Every structure is written in structure tokens, then in C-alpha cells.
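Contents: one structure, followed by commentary.
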Amino acid sequence: MEKNGKTKVIAALVENKPGVLHSVANMFRRRGFNIESITVGRTEQEDLSRMTITVNGDEKTLEQVVKQMNKLIDVVKVSRLEPENIVTRELALIKVNVPDVKNRSDVINCVEVFRGRVVDVSPESLTIEITGTPDKIDAFLNLMKTYGIMELARTGITALSRGVRSIRIDE
Amino acid sequence: MTKMSGAKALLESLERQNVDVIFGILGGALLPIYDHFGKSKIRHILCRHEQGAAHAADGYARASGKAGVCMATSGPGATNLVTGIANAYMDSSPLIALTGQVPSGGVNTSYMIGRDAFQEADIIGITTPITKHNFQLRAAAEIPKTVQTAFYIATTGRPGPVLIDIPKNVQTEVEEIDFSNGIQIRGYKPTTNPHPLQIRKAAEVLAEAERPIILAGGGVITSNASPELLQMSELLMAPVATTFMGKGSFPETHPLSLGSIGMHGNPVANKLLCEADALLAVGTRFSDRSTGNLDSFCAPAKKIHVDIDSAEIGKNIDVDIPIVADAKEALKALHERLAKQLKKKGTSAWTKRVKEAKEQLNPPAKSTKELKPKALLQQLRKLLPENAIVTTEVGQNQMWAALYFNALKPRTFISSGGLGTMGFGFPASIGAKVACPDRPVVDIAGDGSFRMTEHELGTSVTEDIPVIVIVLNNSVLGMVAQWQRMFYKGRYSAVKLGSVPDFVKLAEAYGALGLRARSIAEFAKAVKTALKSDVTTVIDVPISMEEDVTPMVPPGCGINKQVGDY
């Protein structure tokens, strides 16, 4: 598969039972598709989970991904989310190395500008929580590089369509 | 609601699906189920290797159109099924595989799954990429619904194998069992009816085409759409090429039949496909062995692609008019629409071209002293009734059969097309014979493939399932030997099998009938004897190891660039 395309977002409602993540991940591996990130969590319907998957690839690849996902029996519904019509969020936890007091206040200023929060403080470090689009998090991480990132955990994005459009299974 | 054990509930659930036979091998993790076979209406056929059981069930499914069922114990029993399951998956065959599993809990057993217990294998993980779906049972009460769902998934839409893994404690536990209908799968809704707009567009293209051609794949056989295919072809006066898997969907003696396409396709089919101006492809996935180089495949034609699996559309080739539907429904709808606007066409420049190409490119077999596969297979067709079922092994034997043995009816030509599994044909012939006991079943084999599952002679003799095996015996792995001759300057590497065993003696050792044929006359005599025999007959036919399957499309070339004579 060509890897020249842009990152695309797919949302899927899947049965909330063991083995479903395995079959989805397995299909991606077998068909040579690449998962950039995947988040899975519960939904407003308790027997369904929602997967938000970002995939890198061209149109044709994405079309195959959606069709192949649809073939999986435990995948109930698959939708492509169009980037211009969705709200996406990602959460990152970043541990920054700031033993120096001057640097520390600079970092805290940055956190405020980016509307993040400091969630843990030690003499050597600050742990920061930041939420936003992946671009925003990338920008923040770029700033933090100068101080030294000790540890980083990103959740991968989760997304919803704007407005009343929704992916739902009506019982 | 009735109180019973999981083992009993399983067999009863299978009976309710009209299962009449299971091919299997028992083992420790299946003892509770096997303890019930004596009381069940279901016939159990004890195979000699689980791979044979899976292929036999697959052969049964392809010959009958019903799901075939195989069963194996946990661990190695289950993993031995894997080749058979993968084979069924690639060829979209409705196979139900039942596997025993170590206990997941229970009164007298501890939880063993995940603890590397004796004969434990993660068969769910192993078969996820080669099944349409799989289940691991957690409780006896789940059995009826799971079995119903498994059969529904396996046999509808694009069929495929479904595996049910049954921990031993689930077989023994006694619970209230409810057999009422309970299929609920919200994530599975196959589209069977074609979209009217797409049918309209397709009809326009076909009505205007001067050189229409139909390509029929295995999907036509699966959906029992052969009558509709014939009707469509005769309305449009469009010649029909089949894929290898589609062989039998259209009578190959029909004036509009071109034979099968592909690497070892009939040159008429390969050539005319590249001359057509409209292609109606039905129930095919455009496999690489069928299409050859994609750039030249059917290049000038407007392409209509009918498939029940939407993921097949646009996967390998780009098409102009996609139609997601069952082959039968789509052909019916198309015919209905076209019959209104078209008068039945007569002969045209295109039908003349078909006739002339067939005369020119399909010359009759030369009569030679030496026994050649082409003459042998054409002779075999004359010796067998129309409804005889032929299975093949994989390799040269298979491609010779594709080229020279005319299939006349659907479900009479059974072969491993997608996975290319050597050793498939013989156990598949046993399964086909069980499905159709009144019809002759013949496995066209090579010696290399037959060696891989020859032990199933034991099954066919002891279970009284008489089939005929024709071993085209060149004492080499013929197809790879041919490639070494053609593309590796004749450097043979690891292809010579030697002339052991003596297949006549091997057959006799199993209590089967062994015959040898060294000429067409001897071959005809042997087949006639075999057709009358009430035990399995192995006919050993020594042929030259230098014999090539031609014509052939060299790898990477377009299908109209074949080399060698038909």
C-alpha cells in the first residue's frame, strides 16, 4: 500500500466483548495497513465500544480499510470522519525536566498559554496535562523540547462529528 | 428449555441445522462429545489426519452447497485443521470447524486456558485471519445460538469457514438449554439485491457493446446462478470465460464457452478477454493468477463487476460499474432489464470471431504413442457421465485438468484455487462422494500431491466411500520442476521424488484396488473397471517428467501473452 497519503480518521462501533480489538488489529496487520493511533472506550450504549483509528494512506487504502473493517462480524458500524466536520481531541501527559526556578516559571507560563495544567510537581520536574488537537500538542511539545522532556504519554485522538450527525445503532 | 449436557446440546443443535455427517478425529478434549455420537443421527467419519477431515468437509460443502462440518481435538488436532480452514477461506467455502479446548473452569477441572496446559493451542488467535468468524464457548447454554449463528455466517453472503472452540468443561456441564431461534448479529448484513441504478447503467453498457464478454467466477457457482448465466450469455450472444474457480458454472462444450482464463488459461479465453469492449465480471475477485499483469487485463473494455463482497470491488482492478449483490439476483435483474430493450441477438462479427478463435487456438489432441495428459483428460471426459464430480490436486495435474477436462455442470469441478493446497483433492473427493453417493467421484492427482494425503485411503476403504484416484505419476514435483526448467535454466533442485511408493501396491495395502495404465486403451479400461468397483480405485499413470503444462503466461506478463501450445 502506498504511504503517501494524509492521516485519516475512522470511527467504528464494535461489540463490547473480548477479542474484538484483536480481530481489528489483526486485519490491519494482515492487509498491510498502518494504524497511527487507536483509542477504544465505552459509549452511551453499554454493549458497544467505540474505536477511533487514525490511518495513514491514500484514498484507495482508506476505502479498503473501511470495507475490510465492515466485513468483521463484531464491527457493527464504520464511518470515515471528514477532517473538516469533526472535533478531535488528544490528551498528553508530559514530564519536563526543570530543576532551575527561572525555567520552571517559563514552563508554567507556557502551560497557561496552552490551557494545560500542572498535575504533579517535584524538585526536579513538572508533570503537565494538555488536551487539544494533535497539532496543538505537537506545538507544545516543541516548546518543551528546549527544557528536556523526561517522559511523554499521548492517548491518540478521539473524535466526534460536529452538529447532530452521529454514529449510532438504533435498537 | 431442557436440561442436558453441552455435548448433547451441541449434537442436537447440529442436527437442527440438518447436519448429516461430520468428518473428524477425536481426542482427549472431545471425549464428552464423542460419547454421544452413538445416540445421534449424525454420521461420524473417522479420518486419518485432521487436514484430511477439513478438506473432506470442504469437498462435501462444494459438492452439496451445504455447510461441511469437521471436528478436531484441542492443540495439535486443531492446528492440523488450519491448512484446511485457510483453504476454505480462500475459496469462500462454507466450512464449520469444531475444536475441543482445554477446560475454562468447571466443577472438577481447574481453569486451564492460558496456562499452557497439555494440548492447549490458541486456536482462536491462530484462525482469526483465516476464518469468516470464530467463537469460543463459555457456557453450555450458549451452544444453540452460537451454532445457529455460525451456520448463518458460514453459508450466507460470501460464504467462508467459521470455527467454534469448545472447552471441555462446557461439553460436560449440564444446563437448561433453549433451542429456539436466536440469531442476532447486528454487525453482519450481506447485501444481496443489486441497486437498480447500477443495473440500469450496466444494462446500457451491455446493450451498446459490440464485443461483450462475461467472466464468471466461483461466486456464480456459490449462488447457484448457472441458469441465469446461460440465459444472459444467450441473450447478449456474449461468450463466457470463467475463472479457475468458476469452472463448471457454464457448460464448457457450449459454442459460447471460452474455457477458463489465467496463467494456464485457455488461450481463447485469454485472447478474447483482451479484445472485448465490455466486460461483465460476476462473482470473481480478480486474483493475480487469473488476471496476469493488470495493465493489459481487459484494457479496452468497460468493466462491470458484480460481487457480494463490497471489499472485492476496486481491490485488485478499477471498474466502471460496481454492483454489490448476489450473483443470481444481479444476473436476474440485468436480464429482466435487458430483455425488455434487446431482441435476442443472432450471429455477429464477434460470434464469428469466437468460433474462429476456438477452431484456431484449440486444436484437437495429436495421437501419440506416449500417454499425454491432454489426450488422457479428454478421454476421461468421454468415459464419465455428465454429472460425475472431479476434484484435483494442485500443480500440473490441476492445470491440465483446467485446460483439457470440460466441466459441464456447476459443483462438478472441485479444486483448491486460492490457497493451492497440495493434498486437497483426495480427501475432498471423499467428502464429495459422501455428499453425492450415487455419482462417480474422481480425483485427478499428481504423485506429489497424492503423497501428502494418501493415508486417507484408510478412511475411504474403512468407511466404504469408493472414489477413483488417477495419479499422473511423473515422480517429480512437476509444476516447480517445470518452473526450474523454464526460469532457472533447468537446474533441478529438490523436486525428484523417486518412483516410490508403488501406488498399485499402496492401494492394495489399504484394501483398495490398484491399477496401472500405460496407454490410452489401458487407461480407458482401468477407468471402466474403477467405475464398476465398489472400493476405491487408484489408477497409476506413469508420464514423462519432462512434460510441461502449456500454454502458460510467464509471471508478470499480460494474459494474452501466452507461450507454448494448447
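Just rank B:443, B:565, A:74, B:540, fewest to most, by other beta-carbon atoms within 10 angstrom.
Working: B:443 31, B:565 12, A:74 21, B:540 25.
Fewest to most other Cβ atoms nearby, the residues stand as B:565, A:74, B:540, B:443.
Provide the packing ranking of B:91-102, B:424-435, B:359-370, i.e. peptides ordered by the mean count of other C-beta atoms within 10 Å per residue, highest first.
Packing proxy ranking, top to bottom: B:424-435, B:91-102, B:359-370.
To make sure I understand, if each residue's beta carbon is the centre and we count other beta carbons within 10 Å, what order do B:510, B:566 fall in, fewest to most? Intermediate values should be presented prior to the final figure.
Values: B:510 21, B:566 16.
Exposure proxy ranking, most exposed first: B:566, B:510.
For B:436, B:557, what's the fewest-to-most ordering of other Cβ within 10 Å of each Cβ?
B:557, B:436
For chain B, place one equal point scatterer on every Cα, skip the solvent, and apply the Debye formula. What is log10 of I(q)/I(0) at q = 0.06, 0.07 Å⁻¹?
Treating every Cα as an identical point scatterer, log10 I(q)/I(0) equals -0.31, -0.42.
What's the magnitude of the charge dipole for the stretch B:373-542 around its Cα centre, counting Lys and Arg as +1 and Asp and Glu as -1 at the beta-carbon? Answer in Debye, nearest 20.
Working: 18 positive and 14 negative charges, 157 e Å.
In total the dipole reaches around 760 debye.
In degrees, nearest 10, range 0 to 90: what is the angle between the Cα axis of helix B:327-341 and the longest Cα principal axis of chain B?
Roughly 40 degrees between the two axes.
What's the average, rounded to a whole number, of partner chain beta-carbon atoms within 10 Å of each residue's beta-carbon in B:310-316? Kindly include the intermediate steps, with their values, before the conclusion.
On the way: counts 6, 10, 1, 2, 4, 6, 0.
Per residue, the number of nearby Cβ atoms from other chains is 4 on average.
Return the distance in nm (one decimal) between the two label points of a simple spin-label model at residue B:231 and residue B:347, each offset 7 Å from Cα along Cα→Cβ.
Each label point lies 7 Å from its Cα, and together they span 2.7 nm.
Give me a comma-separated list of calculated 3J(HN,Hα) values for the stretch B:137-145, in order, Karplus coefficients 6.51, -1.76, 1.60 applied at θ = phi - 60°, integers in Hz, x for any Gly or Pro.
6, 10, 8, 4, 4, 7, 4, x, 5
Nearest 500 deg cm²/dmol is fine: what mean residue ellipticity at 222 nm does the protein assembly as shown get from its DSSP H runs of n ≥ 4 alone, each adding -39,500 (n - 2.57), divided by its residue count? Before the final figure, lay out each step's value.
Working: 26 runs with 260 residues, N = 737.
Result for the protein assembly as shown: -10500 deg cm²/dmol, rounded to the nearest 500.
Could you state the number of Å between the C-alpha centres of the stretch B:160-214 and the stretch B:398-417?
26
Excluding the sites themselves, what is the longest stretch of chain A that contains no trypsin sites (Lys or Arg not before Pro) in a DSSP loop with at most 14 other C-beta atoms within 10 Å?
A:7-114
Mind checking the dipole of the protein assembly as shown: about its Cα centre, +1 per Lys or Arg Cβ, -1 per Asp or Glu Cβ, Debye to the nearest 20?
Working: 86 positive and 79 negative charges, 353 e Å.
About 1700 debye.
When the C-alpha atoms of the stretch B:2-177 are aligned to their principal axes, what extent does each axis show, in angstrom, from largest down?
42, 34, 29
For the stretch B:401-411, what does the Karplus curve 6.51 cos²θ - 1.76 cosθ + 1.60, with θ = phi - 60°, yield as ³J(HN,Hα) per residue in whole Hz, taken in order and with x for Gly and Pro?
4, 4, 6, 10, 9, 6, 8, 10, 9, x, 6
How many angstrom lie between the C-alpha centres of the stretch B:493-541 and the stretch B:470-488?
Value for the Cα centre distance between the two parts: 19 Å.
Given the peptides B:18-28, B:166-176, B:449-459, arrange them by the average over their residues of other C-beta atoms within 10 Å, most packed first.
Final packing ranking: B:449-459, B:166-176, B:18-28.
Quick one: length gained pulling residue A:154 to residue A:45 fully straight, 0.36 nm per residue minus the C-alpha distance?
Here the answer is 36.6 nm.
By the gyration tensor of its Cα atoms, with a ≥ b ≥ c the square roots of the eigenvalues, what is the shape of the stretch B:105-159: rounded for a/c under 1.5, prolate for a/b over b/c, or oblate?
Here the stretch B:105-159 falls in the oblate category.
Once you charge only the Cβ atoms, +1 for Lys and Arg and -1 for Asp and Glu, what is the size of the charge dipole of chain B about its Cα centre, to the nearest 20 debye? Write down the numbers at each step before the final one.
Details: 60 positive and 55 negative charges, 294 e Å.
With Lys and Arg at +1 and Asp and Glu at -1, about 1400 debye.
Multiplying the sequence separation of residue B:293 and residue B:35 by 0.36 nm and subtracting their Cα-Cα distance, what value in nm do you get?
Net length gain for the segment: 87.5 nm.
If you count, for every residue in B:186-193, the Cβ atoms of partner chains within 10 Å of its Cβ, what is the mean?
4
What FRET efficiency comes out for residue B:191 versus residue A:100 if R0 is 60 angstrom and r is the Cβ-Cβ distance? Round to the nearest 0.05.
The computed FRET efficiency comes out at 0.40.
Mind giving me the FRET efficiency for residue A:36 and residue B:557? R0 is 41 Å, r the Cβ-Cβ distance, nearest 0.05 is fine.
Numbers: r = 38 Å, r/R0 = 0.92.
E between residue A:36 and residue B:557, to the nearest 0.05, is 0.65.
If you take every DSSP beta bridge whose two residues both sit in the protein assembly as shown, what share of them, in percent to the nearest 5, is antiparallel?
Bridges in the protein assembly as shown that DSSP calls antiparallel: roughly 45 percent.
Using the alpha-carbon centroid of each, what span in Å lies between the stretch B:267-330 and the stretch A:49-99?
32
Whose amide H sits under 5 Å from the amide H of residue B:133, counting only residues 5 or more places off or on another chain, with H placed in the peptide plane?
Those qualifying (amide H under 5 Å, at least 5 residues apart or on another chain) are B:163.
Using the Karplus curve 6.51 cos²θ - 1.76 cosθ + 1.60 with θ = phi - 60°, work out ³J(HN,Hα) for each residue of the stretch A:26-35 in order, rounded to whole Hz, and write x for Gly and Pro.
Result, ordered by residue: 5, 5, 4, 4, 5, 8, x, 8, 10, 8 Hz.
Return the FRET efficiency for the residue pair residue B:499, residue B:522: r is the Cβ-Cβ distance, R0 is 25 Å, and the value is rounded to the nearest 0.05. Each step should come with its number before you reach the end.
On the way: r = 18 Å, r/R0 = 0.73.
Step by step, r from the Cβ atoms, then E = 0.85.
By DSSP, what percent of the beta bridges with both residues in chain B are antiparallel, rounded to the nearest 5?
The answer is about 10 percent antiparallel.
Amide H of residue B:260 versus every other amide H placed in the peptide plane: which residues, excluding those fewer than 5 positions away on the same chain, fall under 5 Å?
Those qualifying (amide H under 5 Å, at least 5 residues apart or on another chain) are B:242, B:266.
If you stretched the chain out fully between residue B:207 and residue B:464, how much longer would it get, using 0.36 nm times the residue separation minus the C-alpha to C-alpha distance?
Contour length minus Cα-Cα distance gives 87.2 nm.
What shape does the stretch B:196-361 have by the C-alpha gyration tensor, where a ≥ b ≥ c are the square roots of the eigenvalues, rounded means a/c under 1.5, and otherwise prolate means a/b greater than b/c and oblate the rest?
Here the stretch B:196-361 falls in the rounded category.
Nearest 10 degrees is fine. How inclined is helix B:478-487 to the longest principal axis of chain B, computing both from alpha carbons?
Here the helix axis deviates by roughly 50 degrees.
Using +1 at the C-beta of Lys and Arg and -1 at the C-beta of Asp and Glu, which of B:128, B:118, B:72 has the Cα lying farthest in the positive direction of the dipole of the stretch B:1-144?
With unit charges placed on the Cβ atoms, the residue in question is B:72.
From the Cα gyration tensor of the stretch B:393-472, with a ≥ b ≥ c the square roots of its eigenvalues, which class applies: rounded if a/c is under 1.5, or else prolate if a/b is larger than b/c, or else oblate? Don't skip to the end; give the middle numbers.
Numbers: a/c = 1.86, a/b = 1.18, b/c = 1.58.
Taking the square roots of the gyration eigenvalues as a ≥ b ≥ c, the stretch B:393-472 is oblate.
In units of 2.2 N^0.38 Å, what is the alpha-carbon radius of gyration of chain A?
1.21
Between residue B:439 and residues 5 or more places away or on another chain, which pairs have amide H atoms under 5 Å apart, with H built 1.01 Å from N, and which residues are they?
Under 5 Å from the amide H of residue B:439: no residue qualifies.
Read-outs throughout are calculated quantities, based only on the coordinates presented, and are distinct from any laboratory measurement. This structure is a prediction, so every number in the text was calculated from the model and none was measured. Note: ideal-geometry Cβ built from the backbone for every residue, glycine included; neighbour counts use all protein chains shown.
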